[in-house]
Protein chains: 2
Amino acid sequence: MESMIADIRSFNRFYTNILGLLDQSLLGSGYSLTDVRVMLEISLQPFSTAKTLIHQLNIDPSYMSRIIKRLETDGLLEKIPSELDNRLNNLKLTTTGEALIQKMDAKSHDQMKKLLRCLSEDEVRTVVSSMQLIKAKFSEAFYQFKIRDFTFDDIDYVISRHKILYQNEYRLTQVFSDHVDATVNAFAEHFNPERECMFIAEMSGKPVGSIAVASMDDQTAQLRFFLLEPKARGIGIGKKLVDAALLFCIENNYTSVFLDTFSDLKTARYLYAQKGFEIISTHANESWGKNILEERWALYF
Amino acid sequence: MESMIADIRSFNRFYTNILGLLDQSLLGSGYSLTDVRVMLEISLQPFSTAKTLIHQLNIDPSYMSRIIKRLETDGLLEKIPSELDNRLNNLKLTTTGEALIQKMDAKSHDQMKKLLRCLSEDEVRTVVSSMQLIKAKFSEAFYQFKIRDFTFDDIDYVISRHKILYQNEYRLTQVFSDHVDATVNAFAEHFNPERECMFIAEMSGKPVGSIAVASMDDQTAQLRFFLLEPKARGIGIGKKLVDAALLFCIENNYTSVFLDTFSDLKTARYLYAQKGFEIISTHANESWGKNILEERWALYF
DNA sequence: GTTTATTACTGGACTCAGTCCACCATTTCT
DNA sequence: AGAAATGGTGGACTGAGTCCAGTAATAAAC
């Protein structure tokens, strides 16, 4: 065991060097790693506020204020005063900002591609699966998360976090809040344990996410209330939640599942696409906030 | 391929966080990561000079000067004026300095151990082997390795690195150093290119390892001077060196090969056993250091 | 054997990233 | 309504690291 720990520490030193070399791609852009992380986060979740970024990226509030100010004067992002709370400013990259992020992302992607040019596709595949194993085990070691059935005590969590996270991240209106209140409560009230389910993701004993399967008819299920706390993102929990829900659908002989989401939720949309979902209809919904493009995704087993 | 690159980059972001958390073990020590890297390097290679550190760790000369000065006034290292060149100062950690490094190393080790406590030994084993795979493939991608015949210019490298590495890693005495000096020089002097060979492993053009085949008689060869720099370990180069040496033995009609090693060299011993070597005799040798159990391994074709 | 160039190192002045603290405006709690 | 909490901001500061201009010692050139 001792020698394995030494091996892991040796890998850490090795990988520190690798990451150091890779970070040099940002050099010369005039923006620090932190600046880029901020822009990336805003790009992934438009209508973030300074607050959410401070927590997600673990940056000093004062420093964040300065970064945002600088990026704003550089024309890379714009502040949109929140209608719900005058202290808040929703943040959104300008087209210039998006373009810069895209350019950096492409550059970093190319750099990695170039690095891997001397490895065969099969070799890269083994590397990727090794990385996934490490990520999974380390997430487990660091955070201890699990997915469990919900209890009625979780309803409050699901409602309040849904409201807060969506409001903060996507600047949705009170109409959306009321909608969440109503639908979650209705779901819980008419809950049919034979045909429906709700799962809660826990990280170190605290709920950090949710997903539900609601029965539409004998053949058709709907995924609902899919939520993941920012701090729990990017370690495969979202995927596991969706997997658990889809497994439930298959086991219960549903032949199709659909879900409603909107175009800003990029990570979630990527996950749906990966699972085989396809967009079957879209429509603008202005009552939940400005410029919301609702989408209905469906998957047929 | 594109999505695999995305996966790798996702792993990089994840692992950046992990490493960030781990680095916090240094916090509160009053020394920066750079300070520690400097001390570690001096600890591994005593009598380094500022010059060598500047190149090895890629630190600004002026900054290095300041770091050294600070560590000196803190009583962690001492400057020993070089007798050959008055501009040079040889650097050596004081016992306080060594103790500090040891303490930090132990702390870092414990931290990792604690982190892994919720994983089974088997799980850790899979993590370690995944890491080794990544290290091997990335090393291949980042650095270019090759194994080549030695030239007489390599003799100095083989002697000096043998001394330094064995002294650092196994606390061997001056007697061992002298022995290396004598045997390597003797080998080079009486070198018979028809029946003997020495291979050098190179990483990005710099020697990182060696192995030699010495002729004992028509039938019997001896493996000698097997060495691999720490940074080049764990990526299959040692195996390649031994393979090259054994191939040479077979091609030159030797019927047996033997080698002398000692019981502390666990990784090397594992490699020998894998190749079919067996221990044919052991004896304690106290003149090279404390508690050295010498072993003679042999392989018959 | 003196001049010139190079090397190893050093100190001053500076930049840049990030932190700490005090403060304001707004919102929430009671 | 008043107290407490929240989101955000600017001033002053620290600490890491860089740039440049030296100095002393050594090596090379003529």
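The values are calculated or read from the model by the stated rules, or taken from the named source; none is laboratory data. Fair warning: this is a prediction, and the values are worked out from it, not measured in the lab. Note that we place each Cβ from the backbone using ideal geometry, even for glycine, and neighbour counts take in every protein chain shown. Accessible surface areas use protein heavy atoms only, side chains included; no ligands, DNA or RNA. Shrake-Rupley method; radii C 1.70, N 1.55, O 1.52, S 1.80 Å.
For this structure, a couple of remarks:
- Among the residues of the stretch A:7-22, none qualifies, meaning not one is exposed (fewer than 13 other Cβ atoms within 10 Å of the Cβ), without any contact (Cβ under 8 Å) to a residue 40 or more places away in the chain and either charged (D, E, K, R) or farther than 26 Å from B:Leu115 by Cβ (or both).
- Taken together, B:Tyr157, B:Tyr166, B:Tyr143 contain a single residue that is within 12 Å of another protein chain (Cβ to nearest Cβ) and open to solvent by less than 60 Å² (accessible area, probe 1.4 Å), which is B:Tyr143.
- For the stretch B:38-64, the set of residues classified as surrounded by 16 or more Cβ atoms within 10 Å (Cβ to Cβ) and near DNA strand D (Cβ under 9 Å from one of its atoms) consists of B:Ile59, B:Met64, listed by residue number.
- Residues that are more than 7 Å from chain B (Cβ to nearest Cβ), free of Cβ contacts under 8 Å to residues at least 40 places away in the same chain and among the basic types (Lys, Arg) were ranked within the stretch A:104-124; the one that is nearest to A:Ser43 (Cα to Cα) is A:Lys114.
- Single match in A:Lys114, A:Lys92 (criterion: more than 14 Å from DNA strand C (Cβ to nearest atom) and surrounded by fewer than 16 Cβ atoms within 10 Å (Cβ to Cβ)): A:Lys114
- Subset of the stretch A:65-98 (residues that are touching a strand residue (DSSP E or B) at 6+ places or on another chain (Cβ under 8 Å), within 13 Å of DNA strand D (Cβ to nearest atom) and among the hydroxyl-bearing types (Ser, Thr, Tyr)): A:Ser82
Residue-wise test of (1) in contact with a strand residue (DSSP E or B) (Cβ under 9 Å, 6 or more places away or on another chain); (2) among the acidic types (Asp, Glu); (3) over 24 Å from B:Lys266 (Cβ atoms).
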| site | (1), (2), (3) |
| --- | --- |
| B:Phe191 | yes, no, yes |
| B:Glu196 | yes, yes, yes |
| B:Ile211 | yes, no, no |
| B:Asp217 | no, yes, yes |
| B:Pro230 | no, no, no |
| B:Ile235 | yes, no, no |
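- Output for the stretch A:117-140, where each listed residue is surrounded by 18 or more Cβ atoms within 10 Å (Cβ to Cβ) and among the small types (Gly, Ala, Ser): A:Ser130, A:Ser139
- Hey, B:Ala212 among the small types (Gly, Ala, Ser), in contact with a Cys (Cβ under 9 Å, 6 or more places away or on another chain) and under 30 Å from B:Gln56 (Cα atoms) or not: yes
- Helices (runs of 4 or more DSSP H) fully within the stretch B:1-80 counting 2 or more residues that are of a type in the set (Lys, Arg) and more than 9 Å from every other protein chain (Cβ to nearest Cβ): B:61-73
- With respect to the conditions (1) over 20 Å from A:Ile147 (Cβ atoms); (2) within 14 Å of chain B (Cβ to nearest Cβ), A:Ile279 lacks only one, and its number is (2).
- Selection status of A:Asn86, assigned to a strand (DSSP E or B), farther than 19 Å from B:Phe11 by Cβ, polar (S, T, N, Q) and more than 14 Å from chain B (Cβ to nearest Cβ): no
Here's the yes/no breakdown for (1) in a strand (DSSP E or B); (2) on the phi > 0 side of the Ramachandran plot:
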position	(1), (2)
A:Phe225	yes, yes
A:Lys240	no, no
A:Val257	yes, no
A:Thr267	no, no
A:Leu271	no, no
A:Ile279	yes, no
A:Ser287	no, no
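- Selection within the stretch B:5-28 - within 30 Å of B:Asn90 (Cα to Cα) and within 16 Å of DNA strand C (Cβ to nearest atom): B:Asp23, B:Leu26, B:Leu27, B:Gly28
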